[in-house]
1. How much of the accessible area of the range 5-156, in percent, comes from carbon and sulfur atoms when a 1.4 Å probe is used?
2. Starting from the Cα-Cα distance between L154 and A25, subtract it from 0.36 nm times their residue separation and give me the gain in nm to one decimal.
3. Below 8 Å, C-alpha to C-alpha, sequence gap of six or more: please give me the relative contact order for the chain in percent.
4. Once R0 is set to 25 Å, what does the formula 1/(1 + (r/R0)^6) return for the Cβ-Cβ distance between L84 and A116, expressed as a FRET efficiency to the nearest 0.05?
5. Give a residue-ordered list of calculated ³J(HN,Hα) values for the range 34-50 (Karplus: 6.51 cos²θ - 1.76 cosθ + 1.60, θ = phi - 60°; whole Hz; x for Gly, Pro).
6. Kindly write out, for the range 98-104 in residue order, the coupling ³J(HN,Hα) from the Karplus curve 6.51 cos²θ - 1.76 cosθ + 1.60 (θ = phi - 60°), rounded to whole Hz, with x marking Gly and Pro.
7. Could you pull out every residue, at least 5 positions away or on a different chain, whose amide H is within less than 5 Å of the one on G131? Hs are placed 1.01 Å off N in the peptide plane, and Pro or chain starts have none.
8. Using amide H atoms built in the peptide plane, which far-off residues or other-chain residues are under 5 Å from L71 H to H?
Amino acid sequence: MGIDAMSLYRLGHKLHLRGVPVLPAVLRKAIHFLHGSYLPPEAEIGEGTQLGYGGMGIVIHKDAKIGRHCLISHQVTVGGRSGLKDLPVIGDYVRIGAGAKILGNVRIGDFAIIGANAVVVKDVAPGSVVGGIPAREIRKDPDPLATYEREMGLRPPMARRNEVVKSMPPASSATR
């Protein structure tokens with residue numbers, strides 16, 4: 001098992017937070033050389049987030065914020081758009097398909113799924129599945145927590161699970 005881009009990013013991010021001046025930049029260059037990715041140590045990427053195929057071809061803007069336990073496939077871009085100041089904020093437990101682009105001042109809700117090669121330029125509601133160019137909502141999951149557990153085989157930590165359940169509107173019996 002080799003060193004993936006996320007391991008190098010985590011080390012660089014810790015060093016950046018401690019104020020080490022040169023080593024985080026060296027690690028960023030190593031990520032670029034080894035994986036063809038741009039993962040700056042200044043970016044905020046939550047714990048448990050995974051990069052598909054070791055992080056090949058992923059570009060993340062240094063001011064973007066990515067939540068916890070996300071799955072980011074290869075060739076994904078998370079960045080800005082010309083003329084817009086703010087950058088994407090991605091929630092927790094989001095899955096982003098291969099080649100997707102998330103651009104500009106957008107908010108991606110918890111448990112959202114971004115389809116492969118989608119271009120997201122508008123906000124995505126929690127539990128939504130989006131795809132296309134530009135990305136449009138394909139469906140809205142009435143119980144995104146159960147779907148995540150079924151498809152990923154993982155159960156979110158209990159403290160976070162209670163927050164998510166409280167923030168999601170209750171599903172009516174007609175939609176099930």
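1. Working: 4240 of 7500 Å².
Carbon plus sulfur share of accessible area: 56 percent.
2. So the extension gain works out to 43.0 nm.
3. 11 percent
4. 0.55
5. Couplings: 7, 10, x, 10, 10, 10, x, x, 6, 5, 9, 10, x, 5, x, 5, 10 Hz.
6. 4, x, 5, 10, 10, 10, x
7. G115, R136, I138
8. Long-range HN contacts for L71: Q50, V94, R95, I96.
The values are calculated or read from the model by the stated rules, or taken from the named source; none is laboratory data. Since we're looking at a predicted model, the values are computed, not measured. Using ideal geometry, Cβ is built from the backbone for each residue, glycine included, and neighbour counts are taken over all protein chains shown. The accessibility values were calculated without ligands, DNA or RNA, using every heavy atom of the protein model including side chains. Shrake-Rupley method; radii C 1.70, N 1.55, O 1.52, S 1.80 Å.
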